[in-house]
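Remarks on the structure that follows.
Where a number appears in this text, it was derived from the coordinates with a stated rule and is not lab data. All of these numbers come straight from a predicted model, not from anything done at the bench. Here the Cβ positions follow ideal geometry from the backbone for every residue, glycine too, while neighbour counts run over all protein chains shown.
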Amino acid sequence: MKTALITGATSGFGEAIAYRLAKLNYQLIITGRRRERLSKLKNELINIYKNDVIDLCFDVRDHAACKEAILSLPANFRNIDLLINNAGLAAGASPFNESLTSDFEQMIDTNIKGLLYMTELIIPTMIERKSGHIINISSIAGVEVYPNGHVYCATKHAVNAITKGLRLDLVKYGIRVSSVSPGMAETEFSIVRYHGDTEKASNVYQGIIPLCADDIADSVEFIVTRPKHVCIQDILLTPTQQANTYISNRKN
């Protein structure tokens, strides 16, 4: 049985990916900051799929907490075959000159540094075994910038650059490195971005049928079920009504 670790598993993409990988018979390590949600997800996965699941509650922005969590894993969970770097967020949607420094820091610390911390901790055993797969959940925002996206787009451009760099560095060890880059997807993403303003968040998807978390889980399933000689480098997916980051066909 293979082992997968998913960051940011308490909602949205991470939660959907956890269900999908459990269905594919992975034993799971699910991580996140919300302990009650983690425990609930763990119990549901065990009840439905009968797989072994470990939940680790910590913040990927805290390097010491990341290290402590990984070191706490029992021996049969330490050889991680699949790392899903999913934890990430957008904070704020204002012009740069009207944005908060705290939002900048939260996005950089989570989307970039958190990904780096987790990858740094997981890849040594992959290198030792000359086997493994890393999937970074990126965004169409890592492909092109859009108005009021500035720092969020910068963090996802960084995710894409790190993904490509990792692939170059790890190819000699037989480690696959992939990314999934969703367009507009309705999860808690916009609620977080607008600091809990559900009215503003709902307007983001007005007139559009957006992607859902299961669409991203579908992409992850496709990537991980390819033969070992195949590496899907990136999947970029959008709603049919979305042409790029800022042109959409909205229907009233």
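Worth a mention:
- Site pair Asp197 and Arg250 shows an inter-label distance of 1.5 nm when each label is modelled 7 Å from Cα along Cα→Cβ.
- Spin-label model distance (nm) - Ser99 vs Lys228, 7 Å beyond Cα toward Cβ: 4.3 nm
- Rg to Rh, two decimals, where the range 3-237 supplies the alpha carbon set and Rh follows Kirkwood: 0.95
- Diffusion coefficient, µm² s⁻¹, Stokes-Einstein with Kirkwood Rh over alpha-carbon pairs of the range 54-97 at 4 °C and 1.567 mPa s: 99 µm²/s
- With a simple spin-label model that places each label point 7 Å from the Cα along the Cα-to-Cβ direction, the separation between Lys67 and Ala161 comes to 2.6 nm.
- Of all lysines in the structure, those lying under 23 Å Cα to Cα from Lys164, and not within fewer than 8 positions of it along the same chain, are Lys113, Lys130, Lys156, Lys172, Lys228.
- Working note: Cα gyration tensor of the range 145-189, eigenvalues times five, square-rooted, sorted largest first, giving semi-axes of 26, 13, 6 Å.
- Choice from Asp197, Asp59, Asp215 showing the highest fluctuation, given a GNM over the chain with Cα pairs closer than 10 Å: Asp197
- Between the range 142-215 and the range 10-78, the alpha-carbon center distance in angstrom: 21 Å
- Estimated 222 nm signal from helices in the chain, with DSSP H stretches of n ≥ 4 weighted -39500 (n - 2.57), rounded to 500: -12500 deg cm²/dmol
- Within the shell defined by Cβ-Cβ distances under 9 Å, the residues around Ala213 carry a net charge of -4, with Lys and Arg each +1 and Asp and Glu each -1.
- Shown is the FRET efficiency for Asn148 and Tyr173, computed with R0 = 51 Å from the Cβ-Cβ distance and rounded to the nearest 0.05: 0.80.
- Radius 13 Å from Cβ of Ser99, net charge of other residues (Lys, Arg +1; Asp, Glu -1): -2
- Loop-located chymotrypsin sites (Phe, Trp or Tyr not before Pro) in the range 182-252 (DSSP state other than H, G, I, E, B) with a sparse environment of at most 16 neighbouring Cβ atoms within 10 Å: Tyr246.
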